[in-house]
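Beneath this line is the structure, given in structure tokens, with notes to follow.
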Amino acid sequence: MPSSLRALRLGLIILLVLVGTTLSAGWAMHQAKRQAMETDARRASEQLSLYANALHTLIERYRALPAVLALDPELIGALRGPVTPALQDALNHKLERINGAANSSTLELLDRTGLAIAASNWRLPTTYVGSNYGFRPYFKQTRSQGSGRFYAVGVTSGVPGYFLSSAVNDEHGRFLGAMVVKLEFPELEREWRQGSDILLVSDARGITFIANQDGWRYRELQPLDGADRAELAETRQYDKQPLVPLQHQTLTRFTANSRLARVQGPDGSAEYLWESLPLEAEGWTLHLLRKPQVAEDGRNAALAAAAIWLSLVFASLFVSQRLRLARLRRRSREELKRQVEERTRELRTAQEGLVQSAKLAALGQMSAALAHEINQPLTTQRMQLETLRLLLDHGRHDQARQALEPLEQMLTRMAALTGHLKSFARNSPGGLRERLDLATVVDQALHLLETRIRNEDVDIALYLARPAWVRGDAIRLEQVLINLLRNALDAMAGKRYKRLEIRIEADDSQWRLSVLDSGGGILDSDLAKVFDPFFTTKPVGEGLGLGLAISYGIVVDAGGRLQVENLPGGARFSLTLPRDLEPVC
Ligand code: ADP
């Protein structure tokens, strides 16, 4: 693959990893946030039910109080009138006592016009006694329906509270007035202030009137229309309290009453989990606002997701790399195998060709040499046989006998040639491995060549360690030695000083037999060829070039080596054979 493509691919992988990491982290963060918020919202909703119960219980506790008091004959009698100061005083004291016992905020008795004729707070400057509450909705409800309820800021006291009222009727069921209990919730608000949650109670118009934290009370959760405002002014529900809108925007809605919202509260803008619970009986709604605690969870989830994503990416990259490597390795192994097979085939073909041509060349050389060697004596012999017949025809027997001599020599030579060839043919591995003394072999060879050595006046120097035990075929080793000696004599043929030095020495675990002559040595260029079959420098008819080749084969066959080197004055042939250490039996 070109490097630019590879770089592009790497770039794409890095981009994929980055985008994938960001996306998966973002997605996981979002999911984790949402999940954590939903759990939180559920928990908040459960808590909200508890708060609602507490509020409901509180209200229920006082709901029956005005109805029970409305049956009191003393109160009924008072409403029938007239109300003397003494009676009013007695009523005030009575209501004060009951209020204390019931632990309610205030108790008041209104006549049929809404005028407070007695109240438990008669001692206070802000007492209701003497004020008319005929404009209050709870009074109107009581007059028309028998009971009423209304949350409002006290017009006289300025203290907000929940007014529960019950009609006081005469024995004919005629409306005489109303018995009213006012509940205030400062304790409830204090209790609700314990946690960090914001708890609000809003009325049917969405105006908060109970709040456990300052700044959240008298807020409009939804915009008021003109009719609402007119009614509020008429009932003086929140009297002089200014109403401020509370800005909020839903970000995520989980259920109809559960959402995540951004709220512009008194402490600034913040996100809240906003749970709402309608309180059917009062027509109110209870709200719980809680700051979400999900940043940490989200971050952890994002980190985990990024880690999982990265692990997945690296694992898949690793696996694909391994697969690619395995594929490449398999392919290169197959390629290598194919190349080796092809090369082997080529080599085998070449080798077969070489062997074939070498065989042909050897056969050609041998044929030429044999033809020459045999033809020449044959021609000579035919001529000499002719001469012989003539001599016999003329009765010249003595001369005929003399003429037989060269004939005989020639036959001997031909016999020698065939002898050579026979040795060559015999030169196969596995000759005799008898125990023999090399020195004896030297003795034998010298004995066979004795006449020639003497005739040619050769100086012989012998340094023979004996016995030099080796294993091999004595006759064949003798043939080797005769070859070496003959070659040495041939080399020294024209020389004035002829010296032949034969040595047998121990060399480590071998015996070394060397033949050194004073024949001038071998040309450097011929040194490597002297053991090749048919290599000869001798004139045609004198050398076949087989002697050293055959000798070499015999020595190697006996487990030894045959080497040649030039020394000053002549050539030295060395034959080494492993020493046979077996004791003589
Ligand atoms: P041939 O004697 O029939 O030539 P050989 O194989 O015995 O065959 O010898 C090969 C050649 O090695 C000889 O022709 C000769 O040139 C060379 N050679 C062998 N021995 C000697 C030696 N002692 N000194 C010089 N040349 C030698």
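The values are calculated or read from the model by the stated rules, or taken from the named source; none is laboratory data. Here the structure is a predicted model, which means the values were calculated and not measured. Glycine also receives a Cβ, built like all others from the backbone with ideal geometry; neighbour counts cover every protein chain displayed. Each accessible area value is taken on the protein alone, full model and side chains, heavy atoms only, with ligands, DNA and RNA left out. Shrake-Rupley method; radii C 1.70, N 1.55, O 1.52, S 1.80 Å.
With a requirement of 1 or more residues that are open to solvent by less than 60 Å² (accessible area, probe 1.4 Å) and closer than 30 Å to residue 261 by Cβ, the helices (runs of 4 or more DSSP H) lying completely within the stretch 1-104 that satisfy it span 3-69.
Counting only strands (runs of 3 or more DSSP E) that fall entirely inside the stretch 234-280 and contain at least 1 residues that are open to solvent by less than 70 Å² (accessible area, probe 1.4 Å) and aromatic (Phe, Trp, Tyr), the qualifying elements are 247-255, 268-279.
Restricting 229, 193 to those that are over 59 Å from the mean Cα position of the chain (by Cα), open to solvent by 20 Å² or more (accessible area, probe 1.4 Å) and not aliphatic (A, V, I, L, M) reduces the list to 229. Could you tell me whether any residue of the stretch 209-226 is over 60 Å from the mean Cα position of the chain (by Cα) and closer than 30 Å to residue 98 by Cα? So far as the stretch 209-226 goes, yes, one or more of its residues are over 60 Å from the mean Cα position of the chain (by Cα) and closer than 30 Å to residue 98 by Cα. Looking only at the stretch 113-152, residues that are open to solvent by less than 20 Å² (accessible area, probe 1.4 Å), closer than 18 Å to residue 79 by Cα and either in contact with a Pro (Cβ under 9 Å, 6 or more places away or on another chain) or not in a strand (DSSP E or B) (or both) come to 7 in all. Within the stretch 526-548, the only residue that satisfies the criterion of being within 6 Å of the ligand (Cβ to nearest atom), part of a helix (DSSP H, G or I) and of a type in the set (A, V, I, L, M, F, W, C) is 548. Among the candidates 455, 483, which residue alone is modelled with pLDDT under 95 and within 24 Å of residue 576 (Cβ to Cβ)? It is 483. Out of 555, 564, one residue alone is farther than 23 Å from residue 457 by Cβ, more than 10 Å from the ligand (Cβ to nearest atom) and in contact (Cβ under 8 Å) with a residue 24 or more places away in the chain. It is 555.
With respect to residue 182, determine if the residue is surrounded by fewer than 19 Cβ atoms within 10 Å (Cβ to Cβ) and either free of Cβ contacts under 8 Å to residues at least 60 places away in the same chain or part of a strand (DSSP E or B) (or both). When the stated conditions are applied, residue 182 does not pass them. The residues of the stretch 499-514 that are open to solvent by less than 50 Å² (accessible area, probe 1.4 Å) and either within 60 Å of the chain's Cα centre (by Cα) or under 15 Å from residue 467 (Cβ atoms) (or both), listed by number, are 504, 511, 513.
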